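Engineer: Could you have a look at this structure, given as structure tokens, before my questions?
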Amino acid sequence: MPEKIANCGGIELWTESFGDPNDPTILLITSTQSIWWEEEFCQFLVQGGRHVIRYDNRDTGLSAVAEPYSIDDLVQDAVCVLDSYGLASAHVVGCFTGGFIAQCLALEYRDRVDTLTLISTTPVLRESIRAVLKGELSNIDLPLPKATDHAELSEAIEPWTGELVDDRAKYIEGQLRVLRNEAGSQYVFNEERWRTLITREYDRALDWRGHYRQWDAILKASPDLRPRLRELDVPTIVFHGTEDRTIPIRHAEAIAESIPGARLFAVEGLGHQFHEDVYPIWAREILALSN
């Protein structure tokens with residue numbers, strides 16, 4: 001798995017690739033660190049004849065600490081990663097905040113996106129985050145999460161609302177609590193698996209506070225992408241768990257209704273989570289879309 005540093009306007013981004021560079025490329029974008037795209041999932045795609053790239057967003061993991069920044073900057077970073085690999089375009093897969101970045105990438109750089117896969121995301125990310133972080137509900141016609149309804153979210157965002165204190169154990173336990181409560185009923189929560197991943201995430205970060213600073217970028221994003229998504233002409237599949245409480249499935253339906261020809265793939269009993277049992281399903285559909 002070759003590692004590579006992409007220099008993006010003076011910002012160094014850590015990237016890693018899997019598979020044969022001569023195969024069609026899949027670019028994976030997530031909320032923060034690339035390791036949430038587990039190697040097991042990447043290998044499913046490689047076995048299907050794809051070259052896979054994952055990368056740490058700026059201000060997370062092994063990528064440079066750089067603030068302030070916006071969603072537009074994160075979109076430009078995705079373009080820079082493609083450029084650093086000499087790629088004119090790729091099949092783009094985005095999850096959570098990475099799914100919002102992927103939507104913006106397709107809107108701003110349509111020629112760089114061959115197909116679009118969106119997982120557990122929303123076209124109204126700013127409004128969703130405002131609802132959780134600040135308790136502010138807009139007149140958006142989609143259900144928004146309430147911090148008061150999700151005590152575990154309130155606890156997890158507590159460091160962002162006050163002074164960020166470097167407490168490794170508290171960070172790990174807080175993120176575990178969120179994941180545990182976001183799990184769906186049909187997919188067993190493997191606590192040790194996720195504890196290992198969160199611990200690795202914390203320990204490999206150049207600055208662990210970047211996890212929280214990304215919310216500042218989201219709060220400056222477009223409130224609703226749907227009007228622009230209606231003009232998008234990229235083959236798209238939208239995955240979403242039927243038991244996602246953080247971003248209700250109505251958000252995924254709204255994306256699929258907005259992008260012409262997009263297909264919604266609802267995963268019964270899945271929450272707002274990655275899960276190893278879903279990897280073969282995601283991979284199968286992504287491979288079919290990218291043929």
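The values are calculated or read from the model by the stated rules, or taken from the named source; none is laboratory data. Bear in mind the structure is a predicted one, so any value in this text is a computation, not a measurement. Every residue, glycine among them, receives a Cβ derived from its backbone with ideal geometry; neighbour counts consider all protein chains shown. With ligands, DNA and RNA removed, areas are computed over all heavy atoms of the protein, side chains included. Shrake-Rupley method; radii C 1.70, N 1.55, O 1.52, S 1.80 Å.
Engineer: Viscosity 1.306 mPa s, temperature 10 °C: give me the Stokes-Einstein translational D for the chain in µm²/s, with Rh taken as the Kirkwood radius over C-alpha pairs.
Structural biologist: Once the numbers are plugged in, D ends up at 84 µm²/s.
Engineer: Per residue, how large is the accessible surface of the chain? Use a 1.4 angstrom probe and give square angstrom.
Structural biologist: On a per-residue basis, the chain sits at 40 Å².
Engineer: How much of the accessible area of the chain, in percent, comes from carbon and sulfur atoms when a 1.4 Å probe is used?
Structural biologist: On the way: 5520 of 11570 Å².
Here it works out to 48 percent.
Engineer: Just order 86-98, 187-199, 275-287 by mean Cβ neighbour count inside 10 Å, highest at the front, would you?
Structural biologist: Result, highest mean Cβ count within 10 Å first: 86-98, 275-287, 187-199.
Engineer: Which of rounded, prolate or oblate describes the range 174-291 when judged by the alpha-carbon gyration tensor and an a/c cut-off of 1.5?
Structural biologist: Since a/c reaches 1.5 but b/c is at least a/b, the shape of the range 174-291 is classed as oblate.
Engineer: Taking a 24 Å limit on the Cα-Cα distance, which of the listed pairs Lys4/Lys170; Lys4/Lys220; Lys134/Lys220 fall beyond it?
Structural biologist: Violating the 24 Å limit, Cα to Cα: Lys4/Lys170; Lys4/Lys220.
Engineer: Once you have the Cα-Cα distance between Glu136 and Arg263, take 0.36 nm times their residue separation minus that, and quote the gain in nm to one decimal. Spell out each step's value before the answer.
Structural biologist: Values: separation 127, 0.36 × 127 = 45.72 nm, distance 3.10 nm.
Once the chain is fully extended between Glu136 and Arg263, it gains 42.6 nm.
Engineer: To the nearest 10 square angstrom, what accessible area does Glu3 show with a 1.4 Å probe?
Structural biologist: 120
Engineer: In addition: Sum up the charges of everything whose Cβ sits under 14 Å from the Cβ of His240, counting Lys and Arg as +1 and Asp and Glu as -1, but leave His240 out.
Structural biologist: Details: positive: Arg245, Arg250, Arg263; negative: Glu182, Glu243, Asp244, Glu253, Glu257, Glu268, Glu285.
Summing Lys/Arg as +1 and Asp/Glu as -1 gives -4.
Engineer: Taking a quarter of the surface of the Cα convex hull of the range 1-152, what do you get in nm²?
Structural biologist: One quarter of the hull surface, i.e. the mean projection, equals 9.9 nm².
Engineer: Give, as a single signed number, the net charge of other residues whose beta carbon lies under 10 Å from the beta carbon of Leu62, with Lys and Arg counted +1 and Asp and Glu -1.
Structural biologist: Once positives and negatives cancel, what remains is -3.
Engineer: Over the chain, what is the percentage of antiparallel beta bridges among all DSSP beta bridges, to the nearest 5?
Structural biologist: Around 30 percent antiparallel, to the nearest 5.
Engineer: While we're on this one: Name the residue from Thr32, Thr122, Tyr55 whose Cα lies farthest towards the positive end of the charge dipole of the chain, charges +1 on Cβ of Lys and Arg and -1 on Cβ of Asp and Glu.
Structural biologist: The one lying farthest along the dipole's positive direction is Thr122.
Engineer: Show that you can apply the helix-only estimate: for the chain, add -39,500 (n - 2.57) for every DSSP H stretch of four or more residues, divide by all residues, and state [θ] at 222 nm to the nearest 500.
Structural biologist: Working: 11 runs with 119 residues, N = 291.
One gets -12500 deg cm²/dmol as the mean residue ellipticity at 222 nm.
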